[in-house]
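Below: the structure, in structure tokens.
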Amino acid sequence: MATDFWIVDTFSSDSFQGIPSAIFFVNNFDNEKLLQDVAMEINTPETIFIKELENGDFESMCFTPKVKGLYFGNGLFAAAKAINEKMGKKEFNIISGIRIFSTSLCDSGEVKIRFSTVVLDKVTMPVNLDSALNDEIIVSIAESKDDLIVEIRSPKRLVNLAPNMDILSGMRYNSFIITADTHYETDVAYDFCVKVFAPKLGVFSDIITPISNAKLAAYWSRRMEKVNLVGSRASLCNGGLANIKHEKEFTYVSGNCVISTRGTMLAF
């Protein structure tokens, strides 16, 4: 059976300059092994499968190339862009498991998604973390469930940081959110930069993700005493800006998305 799909570059206004996610519209999620195989074949950081509900909202199931689960949130942004393109809808909910994400398309063209505001936990320094980060100066760390936030001193060095994936894979965290304060060393129009690595989930390249930005909002809003923040991917290319509003109950993350590819998978 042939099934159409979209690849959407999130946090970018230009094709091939953001984080790619694949979107499939399906009638059911019965064959999860097939869905995982499709995600492995597509090999984007997230592949999201969308089913329209009778009330006009959407249920989703998300996979990395390796495992099932919503870990990054780029698939939500990509799905919102594809839903708008396919159906013209601008406001709806996307349901993932027990979580409901309020989603809207702004007049500016940005996708905006509401996340529950997180509370960060203190954590002791993991063994070999400094070695994994090539002995970069670590300013502070924090924990959010299975994600570790690591602030290093230099935003310029973060751009070129290539962690030791073998060491990171041996730690218990699903993803490592590595960030730096861009008010130090640089003169840019955003507040922090970030790289996310998730070797346990099959994602070895650095990405910027909505969920990491929602967690960084809790981290940086306290440090900078700001409600509105702008984050950027720490990369020489494929950069992207995220606009963030951090409130007590909810955190709003918005960014541009562009559809770069439409295709048909024949073996679905």
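A short reminder: the numbers here are calculations on the coordinates, not readings from a lab. Source: prediction; values computed, not measured. We place every Cβ from the backbone using ideal geometry, glycine too, and count neighbours over all the protein chains shown.
Principal semi-axes of the equivalent ellipsoid, √(5λ) from the alpha carbon gyration tensor of the range 1-58, are 22, 16, 9 Å from largest down.
Label separation (residue 248 vs residue 43): 4.9 nm, computed from points 7 Å beyond Cα along the C-beta direction. For the range 129-246, pairs of C-alpha atoms spaced more than 24 angstrom apart make up 16 percent of the total. Residues of the chain were split at every exposed loop site, defined as GluC sites (Glu not before Pro) in a DSSP loop with at most 14 other C-beta atoms within 10 angstrom, and the longest piece left, sites excluded, is 55-184.
Taking the range 193-268 as the region of interest, the number of lysine pairs whose Cα atoms are within less than 24 Å, with members eight or more places apart or on different chains, is 9. As a rough footprinting exposure proxy, the listed residues 137, 167, 19, 178 were ranked by other beta carbons within 10 Å of their own, and the order from fewest upward is 137, 167, 178, 19.
Between residue 108 and residue 189, the C-beta separation translates, for a Förster distance of 22 Å, into a calculated FRET efficiency of about 0.85. Of the trypsin sites (Lys or Arg not before Pro) found in the range 181-268, those that fall in a DSSP loop while having at most 12 other beta-carbon atoms within 10 Å are 248.
Across the range 47-104, Cα-Cα distances exceeding 12 Å account for 63% of all pairs. What distance in nm separates the two pseudo spin-label positions at residue 15 and residue 153, each 7 Å out from Cα along the beta-carbon direction? Output for this residue pair reads 4.4 nm. Direction-averaged projected area, Cα convex hull, the range 91-131: 5.8 nm², rounded to one decimal. Using the average count of surrounding beta-carbon atoms within 10 Å as a protection proxy, the listed peptides 5-13, 114-122 rank, highest first, as 5-13, 114-122.
Each of 246, 183 was scored by other Cβ atoms within 10 Å of its Cβ. Listed from fewest to most, they are 183, 246.
In a reduced charge model with +1 at each Lys and Arg Cβ and -1 at each Asp and Glu Cβ, the range 24-140 shows a dipole moment near 220 debye about its Cα centre. Computing semi-axes √(5λ) of the Cα gyration tensor in Å directly from the structure and comparing it against [x] 30, 21, 17; [y] 26, 22, 17; [z] 42, 31, 15 singles out [x]. Largest mean-square fluctuation among 44, 124, 179, in a Gaussian network model of the chain whose springs join Cα atoms under 10 Å apart, belongs to 124. Where both residues lie in the range 129-246, what percent of DSSP beta bridges are antiparallel, nearest 5? Counting DSSP beta bridges with both partners in the range 129-246, the antiparallel share is about 70 percent. When the inverse distances between all different Cα atoms of the range 76-187 are averaged and flipped, the Kirkwood radius reads 16.8 angstrom.
The length gained on full extension between residue 165 and residue 57, counted as 0.36 nm times the residue separation minus their Cα-Cα distance, comes to 35.0 nm. Averaging Cα coordinates gives a centre for the range 104-121 and one for the range 2-52; these two points are 20 Å apart.
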